[in-house]
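Every number in this text was worked out from the coordinates using simple rules, so none of it is lab data. These numbers were taken from a predicted model, which means no experiment stands behind them. Cβ: placed from backbone, ideal geometry, glycine included. Neighbour counts: every protein chain shown.
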Amino acid sequence: MDILTAIQRRVSVRSYSKDIVDSTTLKRLINFAKKTKHLTTVLPRIELVSGVDKTNHILTSIIGSYGLVRNPPHLLIGIMPEESNITRIDLGYVLEQVVLEATKLGLGTCWISGSYNPKIAGSEVGLKSGEIVEVVCAFGYPAKEILERFHSRTIRRIAGGHHRKPLKEIVFYKNWSKSWSPEEEDPELVTILEHARLASSGANRQPWRLIIRPGNIVLTLVLTKPLWTGIANRLSPIVGVVKRNVLAKAQYIDAGIVMSHFTLVSEAIGQKGQWELRLGDKTLARECQLPKGVIPVAIFK
Ligand SMILES: Cc1cc2nc3c(=O)[nH]c(=O)nc-3n(C[C@H](O)[C@H](O)[C@H](O)COP(=O)(O)O)c2cc1C
């Protein structure tokens with residue numbers, strides 16, 4: 001399966017078969033995770049937890065969480081060496097490459113930032129001083145039973161995970177005040193943008209906005225409004241409410257995820273380019289005429 005197909009096929013899977021992934025596939029995935037490309041030098045660490053007893057202990061569906069991810073046989077634990085939004089971006093960038101590799105290997109995955117217990121996850125993998133468990137990612141074989149598949153699809157629907165904003169809403173031309181249209185654009189760039197748009201994001205908020213400029217592309221983030229919007233609202237009667245700060249931090253992971261789609265797809269279609277991180281750069285914000293609440297993240301050139 002090529003990377004474009006993997007991006008198109010990936011969906012969040014929330015019901016798993018309890019079977020451990022076969023050792024060859026698992027080894028391949030873990031080796032892949034070790035050699036994925038990073039964006040920074042403050043590297044996050046990724047550890048594996050296996051066995052439904054352990055993963056269910058880490059995952060919760062109590063008040064203060066959202067999502068119901070059932071019986072994943074494995075969790076990847078994303079650990080940061082210190083509190084840092086740059087490292088959050090890197091974590092998204094690295095772990096999404098693993099998610100897409102897992103998709104290629106026929107596995108289901110689901111990012112989880114809300115419904116897990118970071119203390120239990122930390123004690124399971126052993127944290128060094130200062131380290132923080134930031135996010136986990138479930139993976140395994142998707143459940144085959146009809147009711148379990150129904151559960152996975154239903155939660156995705158309730159979460160609005162099947163919707164994405166149209167490109168015209170998330171892409172701008174030259175600066176924030178000018179709209180962009182795919183009709184007159186280079187088809188290869190449109191392919192890259194279409195696959196960026198399919199990226200997953202916490203509560204499916206799709207906080208990324210892109211500005212196409214002569215010679216480069218700027219990634220920005222629309223920082224989230226308080227909690228009572230989107231998925232959190234819709235899910236709250238069922239499984240509780242995501243803590244506001246969890247969603248706010250997840251946006252930086254979302255940025256890393258969309259950046260990985262960009263890099264992987266442009267590589268696959270032979271368009272060279274790489275990201276330069278410019279998180280919060282005021283000059284860039286002025287050049288792009290970003291409104292309040294929107295921050296620059298990086299430039300692709
Ligand atoms: C950083 C991040 C955190 C997420 N946290 C959760 C979570 O705690 N629980 C959950 O059920 N889904 C979680 N998701 C999955 C999103 O809800 C999902 O990606 C989104 O709704 C889009 O749906 P899709 O992945 O099926 O395309 C998270 C996704 C991301 C990227």
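Annotations
- For the chain, built as a Gaussian network whose Cα springs stay under 10 Å, the top-fluctuating residue of Gly92, Gly273, Gly114: Gly273
- Relative contact order [Cα under 8 Å, 6+ residues apart], the chain, whole percent: 23 percent
- Where trypsin sites (Lys or Arg not before Pro) fall in DSSP loop in the stretch 138-187, at most 15 other Cβ within 10 Å: Lys144, Lys174, Lys178
- DSSP-loop trypsin sites (Lys or Arg not before Pro) across the stretch 252-298, with at most 15 other Cβ within 10 angstrom: Lys272, Lys292
- Shape metrics for the stretch 3-158, restricted to C-alpha atoms - Rg then Dmax, Å: 14.8, 45
- Overall Cα dimensions of the chain, principal axis frame, Å, largest first: 52, 42, 39
- Comparing Ser123, Ser200, Ser266 in a Gaussian network model of the chain, where Cα atoms under 10 Å apart are tied by springs, the biggest mean-square fluctuation is seen for Ser123.
- Pairs beyond 23 Å (Cα-Cα), from Lys178/Lys282; Lys54/Lys104; Lys174/Lys282; Lys119/Lys249; Lys35/Lys282; Lys168/Lys301: Lys54/Lys104; Lys35/Lys282
- The phi torsions of the stretch 147-158, fed into the Karplus equation with coefficients 6.51, -1.76 and 1.60 and a -60° offset, translate into couplings of 5, 5, 5, 4, 4, 4, 5, 5, 4, 4, 5, 4 Hz, rounded to whole numbers, with Gly and Pro shown as x.
- Trypsin sites (Lys or Arg not before Pro) within the stretch 43-139, DSSP loop, no more than 11 other Cβ atoms inside 10 Å: Lys128
- Neighbour counting of Cβ atoms within 10 Å sorts the residues Val222, Val171, fewest neighbours leading, into Val222, Val171.
- Order of Trp176, Trp208, Trp275 - criterion: other Cβ atoms within 10 Å of each residue's Cβ, fewest first: Trp176, Trp275, Trp208
- Residues Thr103, Thr263, sorted so that the one with the fewest Cβ neighbours within 10 Å comes first: Thr263, Thr103
- In the chain the longest region clear of GluC sites (Glu not before Pro) that are loop-assigned by DSSP and have at most 12 other C-beta atoms within 10 Å covers 146-301.
- Where only DSSP H runs of four or more residues are counted, the chain gives -12500 deg cm²/dmol as its mean residue ellipticity at 222 nm, each run worth -39500 (n - 2.57).
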